[in-house]
1. Compute the FRET efficiency between Asn393 and Glu83 as 1/(1 + (r/R0)^6), taking r as their Cβ-Cβ distance and R0 = 41 Å, and round to the nearest 0.05.
2. Contour minus end-to-end for Arg140 and Arg400, with contour as 0.36 nm per residue of separation and end-to-end as the Cα-Cα distance?
3. Which FRET efficiency value, to the nearest 0.05, is calculated for Asn29 and Arg349 with the Förster distance at 45 angstrom and r the Cβ-Cβ distance?
4. Would you work out the charge dipole size for region 111-281 about its Cα centre, treating the Cβ of every Lys and Arg as +1 and the Cβ of every Asp and Glu as -1, and quote it to the nearest 20 debye?
5. Once fully extended, how much extra length lies between Asp210 and Thr383, figured as 0.36 nm per residue of separation less the alpha-carbon to alpha-carbon distance?
6. Just to be sure I understand the model, the point goes 7 Å from the Cα along the line to the Cβ. What's the resulting Ala42 to Gln122 distance in nm?
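Just so you know, all these numbers are worked out from the coordinates, no wet-lab data involved. Nothing here was measured: the structure is a model prediction, and the numbers come from that model. All Cβ positions, even for glycine, are placed from backbone atoms using ideal geometry, and neighbour counts span all protein chains on display.
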Amino acid sequence: MVNDDNFFVSMRNLWSDYRTHLGAVSDFNVVSLYELHGSVRAEAKRSVGRYDVLAIDNPWLGEFVTDGLLRPLDDLIADSSVEAGAFNTDVWSTGNWKGRQYGIPIYTTIEVLAARTDLFSQAGITYPRTFDQTVEAAARLHRPARDVYGIGWNCAPGLPIASTFMILLGCCGAPLLRYPLGRRGYQWSELEGDQFRPNILSDQARIVLDYMHRLIPYSPPNILELDWNGRLGAFMAGRLAMTYCWSMRAARFEYDIASQVKRKVTYLTQPKGPGGVSANPIGGFHLTIPCNVGDAKARLAFEAIAWLAQSDERRGSGFPVAPRFSTAADPEVAQSTHVFTFAETLAKRGMVCASQRPAIPEYTRIEAILGDRIHAAMRGEITDDEALIQSQNRVDALMRAAGRY
């Protein structure tokens, strides 16, 4: 069971190749990200599973492990050709909980800012590096009469806007909770006590909401419903001058036959807020084996995971690479877009981080709170301070109920 993005859809289309290598017949169930968490959780809780391998989003790891739904993979790794050293350290660590490995990175992606080189050149303006510069650039390139809008970003309720808020908070140099903010591999299982206290009611969070409000006038008319699919489609159609995007999805700008922006895109680091940093977040998925899979089947499942993770169509670091895609993307096509090289460069320079979306057991419930209250503020139904106070109080109550402090 996997996500419905271009990576996994293409992988499903090549399953005949995998069957040739593995000598087994299996099926992919491709599920929308909105539904994937619930579907994976329901599957993992069955007494007898229907799927031997489940794809989970990075920040879900703590929840699934602490609920006893995932099998540790250390013994299987030891008997295989999978080596932690073949992966980027930050990437590998996102599959670890209390010193045990529960997930193998199948792909990793970084959220960046994509910009239309032709429109910036015609307007004679420089690429933005800060929140203020991004708003200024969006305003100058906003041409609604021509159906061209300044910027696209995730503002739909729930998961999309919650993710935006957490990522931008990191770009202001502030963590979501009171853990030490840093760039390198976090061990979320080691958080304790006051480190679980929410840090939502803060000056940095007010800056983030102000930035989001200032982007709305230069965004598409449906911005309050725009998610990762909507912003991707609008940018490919030539309707956006800039868009926040995940690097794996951004590959479609070059290889998708419907793209109107081929060879017209450059990629920029995350604009930073006042006193902040360009915090380029790591995202992506792990392949995991649920506990309801028996040992014999688990070993066969891990053979599949190992082959998928290490086949020569993937690159060793674990950063976004298209494996040997079918018509959607093969290695030659993947190499034709420099988003992969850009993401790799950020990784090598230590300019990526996994701290904005903490993979703790309470993550999805925090996401739901933020996705509701922050969207209410963007709709103008409550003030920014009301949204932050309510979010702070609800997350605090959640942590207290969990016995965190």
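1. Calculated transfer efficiency: 0.35.
2. Numbers: separation 260, 0.36 × 260 = 93.60 nm, distance 4.66 nm.
Stretched out fully, the Arg140 to Arg400 stretch lengthens by 88.9 nm.
3. Once rounded, the FRET efficiency stands at 0.75.
4. On the way: 19 positive and 14 negative charges, 105 e Å.
In total the dipole reaches around 500 debye.
5. The Asp210-Thr383 span can extend by a further 61.2 nm.
6. Distance between the two pseudo-spin positions: 4.7 nm.
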